[in-house]
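What follows is calculated from the coordinates using simple rules that are stated; it is not laboratory data. This structure is a prediction, so every number in the text was calculated from the model and none was measured. Here Cβ is always computed from backbone atoms with ideal geometry, including for glycine, and neighbour counts include all displayed protein chains.
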Amino acid sequence: MNTPVSVRAARRIGFGVLGLAGLWVAWALLPGLPVREAPRAGVEAQTVGLTLFEHEWTPNDPLANGDGLGPVYNANSCAACHFQGGVGGAGASKNVLAFEVHPVPRRKDVHTGMLHLAAVTPTLREKGGTLHDIFPVEPKGSTRVGTCFREVVDFDPVRVETVNPTALFGAGWIDRISPKTLTHDLLVKSVGAIAGELGGGITPVPPGRPRILPDGRVGKFGWKAQFATLEEFVASACANELGLGTPKMPQAKPLGRGSYPSVQPDLNGRQFGALVGFVDTLPRPREVVPADAAGAELAARGKTLFTKIGCASCHTPDVGGVAAVYSDFLLHRVIDIDKGGYREEPQTPMPADHPRPEEWKTPPLWGVADSAPYFHDGASPTLETAVLRHAVDAERVIEAYQRLNGNDQAAIIAFLKTLKAPTDARPAPAAPGNRLASN
């Protein structure tokens, strides 16, 4: 008996759908391609990029194609914020003030930016009060819910946070890590956590989450993983920290002065490409084991304990073919925001994909020994204080660390001190801190 054409067609469609579903599952289960080649840039590009990175910009600077430094800025040189351990390092507590404006009923989007601590003229200097002039308190815009009470209160949508400049060493390697690798690693961790719970175990750290940007890409750069690529990160730093417009992003305008005149980009395509190329090829940090046998043995034990107590759950040693980077590049709740025994429920909630105030991207630990002070705000002066400050998602890890004896805790710190800035980094210019606007 012949099968009707319609039935055969339905079967073909069904098999096709199953095949596509199988391919999707197979793709989801496969990791991204590992990084196999080191970042490269031509000698000329690196030379020009270095010059631009170290250059002390001025208003109407001869190197600029626009108006040069400003009109608002935080520093007059890239090296002013990235110098610790060599050109491209961390900022050694040269914090800037970042702000985030949460949504309210009449304005559903989230505004982010930074307060600029310097300007080409005094009248353009930015103050925190200006934020509240633009984004005022929302009357009865939130509800506080406690154990025995519930009350409607006014809602201040403005949040201001100090942010510590991060080291850029090895940034080109991070840029080449496949987003597929990050989502695949998260899938593996999530499955492992579920299996552990079903088996009666306890996962030391809940799996984090990737920062999915509005265009669907995965963020890897910035404390909130707000940039998907190194190029975007550099463009934003030029625009916001130095007031230098580029082909990728115009210079920052003074807060509340949207009508401030626009100018052509300060860096042309060749200059901007060279600057990105220089940052892209900054050397990567490596582990430097102590030369003495006792120190080497202590650090080796610390490295083992680092994984054993759960630190490596977030600070993953190797990611996507990049060795000893020590990050999963995911958002985790790592600080405890004390609400005074209540939770706040704004009328307009934050978008689900936007990081919460307590969520921060896991920073790479390579080079950490030469990047004090620590955490996003630079408020932890030592490695010991930084370890103990972890909270929420890392709570069980810190409890495990505190249960260790003094020698084992010292071993973990000794291991972290082997994660040093690259030995071949270019020495930083003299007194770079003097070129940073004071906060």
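With the contact rule set at Cα under 8 Å and sequence spacing of 6 or more, what percent relative contact order holds for the chain?
Values: 851 pairs, mean separation 104.2, N = 439.
Relative contact order here is 24 percent.
The candidate values are [x] 141; [y] 236; [z] 205; the one derived from this structure for volume of the Cα convex hull per residue in Å³ carries the label [y].
Along each principal axis, taking the top coordinate minus the bottom one, the Cα set of segment 23-115 gives 56, 51, 30 Å in descending order. If you take the beta carbon distance between Asn405 and Asp133 as r and set R0 to 60 Å, what does 1/(1 + (r/R0)^6) give as a FRET efficiency, to the nearest 0.05? Result of the calculation: an efficiency of 0.65.
Using Cβ counts within 10 Å as a stand-in for footprinting exposure, how do Tyr73, Tyr401, Tyr260 rank, fewest first? Please report the intermediate quantities before stating the final value.
Values: Tyr73 23, Tyr401 20, Tyr260 15.
The most exposed by this proxy come first: Tyr260, Tyr401, Tyr73.
Over 29 Å apart at the Cα level, from the set Lys94/Lys189; Lys94/Lys308; Lys248/Lys417; Lys94/Lys248, are Lys94/Lys189; Lys94/Lys308; Lys248/Lys417.
For Arg209, the amide hydrogen comes within under 5 Å of the amide hydrogens of Leu331, counting only partners 5 or more places away or on other chains and with H modelled in the peptide plane.
If you take all other residues with their beta carbon under 11 Å from the beta carbon of Thr229, and give Lys and Arg +1 and Asp and Glu -1, the sum is 0. Shape call for segment 209-347 from the C-alpha gyration tensor, a ≥ b ≥ c root eigenvalues: rounded (a/c under 1.5), prolate (a/b greater than b/c) or oblate? Taking the square roots of the gyration eigenvalues as a ≥ b ≥ c, segment 209-347 is oblate.
The overall shape of segment 299-439, judged from the alpha-carbon gyration tensor, is oblate: a/c is not under 1.5, and a/b is no greater than b/c. Candidates Gly245, Leu63, Ser327 compared by Cα position along the dipole of the chain: farthest toward the positive end lies Ser327, with charges placed on Cβ. About the centre of its Cα atoms, segment 180-281 shows a dipole size close to 180 debye [charges on the beta carbon of Lys, Arg (+1) and Asp, Glu (-1) only; nearest 20 debye]. In this structure the amide hydrogen of His111, modeled in the peptide plane, comes within under 5 Å of the amide hydrogens of Val101, none closer than 5 places in sequence on its chain.
Taking the dipole about the Cα centre of the chain, with the C-beta of Lys and Arg at +1 and of Asp and Glu at -1, give me whichever of Phe53, Ser262, Ala118 is farthest to the positive side. Value computed over the given set: Ser262. I need the shape label for segment 112-187. Rule: rounded when a/c is under 1.5, else prolate if a/b > b/c, else oblate, with a, b, c from the alpha carbon gyration tensor. Taking the square roots of the gyration eigenvalues as a ≥ b ≥ c, segment 112-187 is oblate.
Scalar couplings 3J(HN,Hα) for segment 256-269, obtained by applying the Karplus form with A = 6.51, B = -1.76, C = 1.60 to θ = phi - 60°, are x, 10, x, 8, 4, x, 8, 10, 5, x, 6, 9, 7, x Hz; x denotes Gly and Pro. Backbone phi angles across segment 316-333, fed through the Karplus curve with coefficients 6.51, -1.76 and 1.60 (θ = phi - 60°), yield HN-Hα couplings of 5, x, 10, 9, x, x, 9, 7, 6, 8, 6, 7, 9, 6, 10, 7, 9, 7 Hz in residue order; Gly and Pro are listed as x.
Within the set Lys220/Lys361; Lys180/Lys220; Lys108/Lys180, which residue pairs have Cα atoms separated by over 19 Å?
Details: Lys220/Lys361 8 Å; Lys180/Lys220 12 Å; Lys108/Lys180 31 Å.
Violating the 19 Å Cα-Cα cut-off are Lys108/Lys180.
By the count of neighbouring beta-carbon atoms within 10 Å, fewest first, Met350, Met114 end up ordered Met350, Met114. Applying the Karplus relation 6.51 cos²θ - 1.76 cosθ + 1.60 with θ = phi - 60° to segment 387-394 yields 3J(HN,Hα) values of 4, 6, 7, 4, 9, 6, 4, 9 Hz, where x marks Gly and Pro. Of Trp366, Trp173, the sequence from fewest to most neighbouring Cβ atoms within 10 angstrom is Trp173, Trp366.
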